[in-house]
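Accompanying notes for the structure given below.
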Amino acid sequence: MEGVYVKVVRQGRDTLVAVCDAEILGKTLEGGRVPFTVSERFYKGTLCDLAEALEAMGKASIVNMVGKRIVAAAIEGNLVQEAGVIYIGDVPHAQMVHL
């Protein structure tokens, strides 16, 4: 599946956007200090394409993203820097905060 799941949560003035590549939703990633579960409760929202996800991320105050496609798209779109990406095994994870 080529899409990504995008979940938007609004709390007061802040907007959290959680995004993950569709094929890793619900999986537990190994290879980091601790296993990382791509939780359906946290990440499962609307199935979108990358353009829709990037648009939602651009409006967020906090973004949490995991997956090769979404992190690469965020780097290409200058939303995050490659130096700020961590890897859980071979799967990239990044966060961003707009102050």
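Bear in mind that the values in this text are calculations on the coordinates, not laboratory data. Treat the numbers as computed from the prediction; the structure is a model and nothing was measured. Glycine gets a Cβ as well: all are built from the backbone with ideal geometry, and neighbour counts include every protein chain shown.
Structure values in brief
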item	result
The chain: projected area of the alpha-carbon convex hull, averaged over directions, in nm²	6.1
Estimated FRET transfer efficiency when R0 is 30 angstrom, pair S39-L99 (beta carbons, to 0.05)	0.70
Sites I86 and K27, calculated FRET efficiency, Cβ-Cβ separation with R0 22 Å, nearest 0.05	0.85
Net charge, L54 excluded, C-beta distance under 14 Å - Lys, Arg +1, Asp, Glu -1	-3
